[in-house]
Amino acid sequence: MAVKRILRYLIHSSNLGLWYPKGSNFDLIGYSDSDYAGCKVDRKSTSGTCQFLGRSLVSWASKKQNSVALSTAEAEYISAGSCCAQLLWMRQTLRDYGINVENVPLLCDNESAIKIANNPVQHSRTKHIDIRHHFLRDHVAKGDIEISHVRTEKQLADIFTKPLDEHRFCELRNELNILDSRNVA
């Protein structure tokens, strides 16, 4: 049934594609989100991230996390960490082409995850978070990444983490610059 549903979607969306406007700037920005304990079988969360150069979507991911998160903040923090890794790779690639990008913004809709990333002191409430995820905190402290809050309504990575109603799905799809080629002049 799932395969049939996917095939039906693909048949009806063959005219959709990414739109890259001419003259776009090279401001690098990332969005991260997670669906806490979204899998009903193993209770693992799903991370969703997307990265933009200007208004152009250039990278995205949706992946089940490797371990079970003990809190929403942990799930969001893990997702932000994977987004950070992608942003740093993209920043280095841009640097190789002579484009220098400083203080790359990473937008997250979870205040607790942002506070964990900005606080260099490890509290008893965060000691359960695996050390490998704390490299986000390290890059925030270095000034490579600037993590900040985005309202849930403006969170573009929602489309990669959870089922949405048709209106919200189409709204986010348009914000990602995925347009119907029949409507583009």
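The values are calculated or read from the model by the stated rules, or taken from the named source; none is laboratory data. For clarity, every value in this text was computed on a predicted model and none was experimentally measured. So basically every Cβ, Gly included, is an ideal-geometry build from the backbone, and we count neighbours across all protein chains shown.
Say whether the condition of being within 18 Å of I145 (Cα to Cα), buried (at least 20 other Cβ atoms within 10 Å of the Cβ) and at pLDDT 85 or above is met by at least one residue in segment 93-101.
Initial filter on segment 93-101 (within 18 Å of I145 (Cα to Cα)): 93-95, 99-101.
This time we only want the ones that are buried (at least 20 other Cβ atoms within 10 Å of the Cβ), so: none.
Within segment 93-101 (the criterion being within 18 Å of I145 (Cα to Cα), buried (at least 20 other Cβ atoms within 10 Å of the Cβ) and at pLDDT 85 or above), the answer is no, since none of the residues qualifies.
Do we find that S79 is touching a residue at least 40 places away in the same chain (Cβ under 8 Å), on the phi < 0 side of the Ramachandran plot and surrounded by 16 or more Cβ atoms within 10 Å (Cβ to Cβ) in this structure?
Details: touching a residue at least 40 places away in the same chain (Cβ under 8 Å): yes; on the phi < 0 side of the Ramachandran plot: yes; surrounded by 16 or more Cβ atoms within 10 Å (Cβ to Cβ): yes.
Against the criterion (touching a residue at least 40 places away in the same chain (Cβ under 8 Å), on the phi < 0 side of the Ramachandran plot and surrounded by 16 or more Cβ atoms within 10 Å (Cβ to Cβ)), S79 qualifies.
Collect the residues in segment 29-52 that are of a type outside the set (S, T, N, Q), touching a strand residue (DSSP E or B) at 6+ places or on another chain (Cβ under 7 Å) and either touching a residue at least 60 places away in the same chain (Cβ under 8 Å) or closer than 19 Å to I147 by Cβ (or both), keeping them in residue-number order.
Let us first name the residues in segment 29-52 that are of a type outside the set (S, T, N, Q), namely 29-31, 33, 35-44, 48, 50, 52.
Filter again for touching a strand residue (DSSP E or B) at 6+ places or on another chain (Cβ under 7 Å), leaving 29-31, 33, 35, 38-39, 44, 48, 50, 52.
Correct list: I29, G30, Y31, D33, D35, G38, G48, C50, F52.
Out of curiosity, is A69 modelled with pLDDT under 95, out of contact with any strand residue (DSSP E or B) (no Cβ under 7 Å at 6 or more places or on another chain), in a loop (DSSP other than H, G, I, E, B) and not aromatic (F, W, Y)? Lay out the reasoning, then the answer.
Details: modelled with pLDDT under 95: yes; out of contact with any strand residue (DSSP E or B) (no Cβ under 7 Å at 6 or more places or on another chain): yes; in a loop (DSSP other than H, G, I, E, B): yes; not aromatic (F, W, Y): yes.
Spelling it out, A69 is indeed modelled with pLDDT under 95, out of contact with any strand residue (DSSP E or B) (no Cβ under 7 Å at 6 or more places or on another chain), in a loop (DSSP other than H, G, I, E, B) and not aromatic (F, W, Y).
Given the criteria assigned to a loop (DSSP other than H, G, I, E, B), surrounded by 13 or more Cβ atoms within 10 Å (Cβ to Cβ) and touching a Ser or Thr at 6+ places or on another chain (Cβ under 8 Å), does S24 qualify?
Working: assigned to a loop (DSSP other than H, G, I, E, B): yes; surrounded by 13 or more Cβ atoms within 10 Å (Cβ to Cβ): yes; touching a Ser or Thr at 6+ places or on another chain (Cβ under 8 Å): yes.
Taking the combined requirement at face value, the residue satisfies it.
Counting just the residues of segment 37-62 that are basic (K, R) and surrounded by fewer than 16 Cβ atoms within 10 Å (Cβ to Cβ), which one comes out nearest to L172 (Cα to Cα)? Talk me through it step by step, then tell me what you get.
From segment 37-62, those basic (K, R) are 40, 43-44, 55; that's our starting set.
Filter once more, so that each one left must be surrounded by fewer than 16 Cβ atoms within 10 Å (Cβ to Cβ): 40, 43, 55.
Working: K40: 25, R43: 26, R55: 13 Å.
So, considering only residues that are basic (K, R) and surrounded by fewer than 16 Cβ atoms within 10 Å (Cβ to Cβ), the one nearest to L172 (Cα to Cα) is R55.
Of these, Y9, Y31, which one is among the hydroxyl-bearing types (S, T, Y) and surrounded by 15 or more Cβ atoms within 10 Å (Cβ to Cβ)? Walk me through how you get there before you give the answer.
Details: Y9 fails: surrounded by 15 or more Cβ atoms within 10 Å (Cβ to Cβ).
Checking each option against the conditions leaves just Y31.
State whether the residues of segment 170-178 include one that is surrounded by 12 or more Cβ atoms within 10 Å (Cβ to Cβ), at pLDDT 85 or above, farther than 13 Å from Y77 by Cα and among the polar types (S, T, N, Q).
Applying the first criterion (surrounded by 12 or more Cβ atoms within 10 Å (Cβ to Cβ)) to segment 170-178 yields 170-178.
After this cut, where a residue has to be at pLDDT 85 or above as well, the list is 170-178.
Now narrow it down to the ones that are farther than 13 Å from Y77 by Cα: 170-178.
If we keep only those that are among the polar types (S, T, N, Q) too, we end up with 174, 177.
For segment 170-178, residues surrounded by 12 or more Cβ atoms within 10 Å (Cβ to Cβ), at pLDDT 85 or above, farther than 13 Å from Y77 by Cα and among the polar types (S, T, N, Q): present.
Does segment 1-52 hold any residues that are under 22 Å from C108 (Cα atoms), touching a helix residue (DSSP H, G or I) at 6+ places or on another chain (Cβ under 8 Å) and of a type in the set (A, V, I, L, M), and which are they?
Scanning segment 1-52 gives L28, A37.
Out of S82, S112, I need the residue that is assigned to a helix (DSSP H, G or I), modelled with pLDDT of 90 or more and not β-branched (V, I, T). Which one?
Numbers: S112 fails: modelled with pLDDT of 90 or more.
Being assigned to a helix (DSSP H, G or I), modelled with pLDDT of 90 or more and not β-branched (V, I, T) holds for just one of S82, S112, which is S82.
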